[in-house]
Structure formats: structure tokens, C-alpha cells
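Scroll down for the structure; my scribbles are underneath it.
The numbers here are math on the coordinates, done by the rules we state, and not lab data. Worth saying up front: this structure is predicted, and the values here are computed from it rather than measured. Please note: Cβ atoms are built from the backbone with ideal geometry, for glycine as well, and neighbour counts cover all protein chains shown.
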Amino acid sequence: MLRTLTRLALAAVVLTAAPVAAGAQSLSSQQKQEVEAVIRDYLKRNPEFLIEVLQAAEEKQQANQLLRARETIVAERRALTATPGDPVGGNPKGDVTIVEFFDYRCPYCKQVKPIVEQVLNQDRNVRVVYKEFPILGRESVVASRAALAAQKQDKYLVFHHALMAYRGQLGEEAVMTVARQTGLDVERLKRDMQDPQIEKTIAANRDLAERIGIRGTPAFIVGDDLAPGAIDPGSLKAMVDKARKG
């Protein structure tokens, strides 16, 4: 591990010193070993330098990922906010759209649900587009298929909220129990879940998430910005305010 980190630090030093060394004669094998020994000794005595180098590299990588995500978000604006058939909550005619990628079995998605509801209650001019993004196994896929099928009975939102509120293992039996409790015709729901369009919708959401660089749930997109992971009310409201001003 130390050898790998030393090489990373050496690379950073070499890149920093490249302009100075450009005209210098190449180091011999013996000289290179001596330089590496000096650097290795320095890093042992000054480990904070290596930490700073690695942190800077990670921050740069994250910044590049967010930049690529923003470019894709702009290019895929219509797919994100105006795909026909996507479930919509909040004010359907709101001037700012929150796009949420989620999984019904994701504990963090359940954790942030009240936060999204809080923002919607405080700002009546925000709409939400729900992107079913089942990534936690077969049970997640079943839940998403059932939720999308519930649209055919005009009960997506009530079923969505009930699934998010459910505590415990959300297997197929539990999904159907929740469906029955929310007034859905379960037999019709099971038939509607086989609609090929539902699978196309889920596949399209996965492809879109991959292009943006979304790897987990929840993930929020507001305006041109991506917020992966759980979010606090202040940050989500700030994203809404920024998008509205923009």
C-alpha cells in the first residue's frame, strides 16, 4: 500500500517539477531509486502531504463527474422532465421540477421522503417527476412494476406514498398487501404489471441514470444540478431557488 501511495506522490512531484526538468538529462536507474527513497522517507515523516494530494485528486475527479453530469442533464432535459407517462406529484404546472430517482427498498429514499414533502408543502409551485429506478434486486423491480401499473387505476401517488411508508421486508406479498390496503384491484394490477411499456419505462430510467452518472438512490436533479444521496431540506430548497432564478 505504501509503495502505491509513494508512486502516486512521486507522480505528483514529477508533474509539478516537469517544467524544470524538461531540459535536464534523464535520471539513471540508481538516481531514480535514490529519489524514490528520499520521497518515501519524506512521506513517512510528513503523511499529511500525501493525504492532501489524494484529497485534491478525489476532489478533481468529483468535480469532473459533476461537470459531465450537468452537461448530460442539459442535453437530456426533456427525457428527465417531460417523458410522457412519467408519474408526477406536487403542482403539475409548477415552474420548477424536482426529478427523483429512487428505489422502494432503499432506506435513504424512505428517509428523505418527508423532506421532499416538506419542500412541496412550503412551495406550491414545484412539481416532482418520479423516476422508478429499482436497483436493489428482484423485489425492487416488482415494487416498481406494481407502482407503474397502479397508474392505470389512477392510484400511483397514493400507492407510491404507501410503499415508501412501509416498514419491513418489501417482498412481492407485501407489495400486494399494500396495494389491497390502498384500494387497488390487485388482480387487475397483476395483469397490468405485464404491460411491456412498464419494462420499457424502467429500462429507459436505468439508461438515463447511467448516462448522467447516477449509481445509487436517492438522486435528485433540479435545474442543471445533481444531488446524489440523501439531502436535507435546506439544500433541496436552495436547489429549487437556484433553478427558479436561472
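Cα-Cα over 24 Å: which of Lys93/Lys190; Lys110/Lys237; Lys93/Lys237? Listed pairs above 24 Å: Lys93/Lys190. Placing unit charges on the Cβ atoms of the charged side chains and taking the dipole of the stretch 77-245 about its Cα centre, the candidate lying farthest along the positive direction among Thr182, Asn121, Leu136 is Asn121.
List the relative contact order of the stretch 133-175 as a percent without decimals, with contacts defined as Cα pairs under 8 Å and 6+ residues apart.
43 percent
Taking all Cα pairs closer than 8 Å and separated by 6 or more residues, the relative contact order of the chain comes to 23 percent. Per the Debye formula on identical point scatterers at the alpha carbon atoms of the chain, with no solvent, log10 I(q)/I(0) at q = 0.09, 0.12, 0.13 Å⁻¹ is -0.54, -0.75, -0.82.
Placing unit charges on the Cβ atoms only, positive for Lys and Arg and negative for Asp and Glu, gives the stretch 77-245 a dipole magnitude near 200 debye about its Cα centre. DSSP bridge analysis restricted to the stretch 77-245 gives an antiparallel fraction near 60%, rounded to the nearest 5. Computed over the Cα atoms of the stretch 115-229, pair by distinct pair, the Kirkwood hydrodynamic radius stands at 15.2 angstrom. Stretching the chain fully between Glu172 and Arg211 yields a gain of 11.1 nm (0.36 nm per residue, less the alpha carbon separation). The calculated 222 nm mean residue ellipticity attributable to helices in the chain amounts to -20500 deg cm²/dmol, summing -39500 (n - 2.57) over DSSP H runs of n ≥ 4 and dividing by all residues.
Could you sort 66-77, 216-227 so that the peptide with the highest average Cβ count within 10 Å comes first and the rest follow in order? Working shown, then result.
Numbers: 66-77: 14.9, 216-227: 21.3.
Put in order of decreasing packing, that is 216-227, 66-77.
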